[in-house]
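Remarks on the structure that follows.
Since every read-out is calculated from the coordinates, none of them should be taken as a lab result. This is a predicted model, so every value here is computed, not measured. Counting neighbours? That spans all protein chains shown, and the Cβs are built from the backbone with ideal geometry, glycine included.
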Amino acid sequence: MDLEHRLIELETKISYQDHLMQALNEVITSQQRQIDALERNVQRIQDYLKQSQSVQSTQLARPDEEAPPPHY
C-alpha cells in the first residue's frame, strides 16, 4: 500500500469520525433540552402539589372539631 493511499484512507476515516461526533453532539444537545424541560415540569408539579396541600390543610377542620357523621 503506498503512502498516498494510506493518507486518503486516514482522511476518509477522520471525515466520518467528525461527522459522527457532530451527529452525536446534536443528539446530546437535544436530549439535554428535553431533560431541562422535564425538570421544569416536575418542579411545577411539585410546587402545585405543595400549594394544593397547604390549601387543603387550611380548609379541613381538625378531627376533634368536626361534627359527627349523620348516622350517629
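What is the spin-label model distance, in nm, from SER52 to GLU39 if the labels are put 7 Å beyond Cα along the C-beta direction?
Here the answer is 2.5 nm between the modelled labels.
Report ³J(HN,Hα) in whole Hz for each residue of segment 5-22, in order, from the Karplus equation J = 6.51 cos²θ - 1.76 cosθ + 1.60 where θ = phi - 60°; Gly and Pro get x.
5, 5, 5, 5, 4, 5, 5, 5, 4, 5, 4, 4, 5, 4, 4, 5, 5, 5
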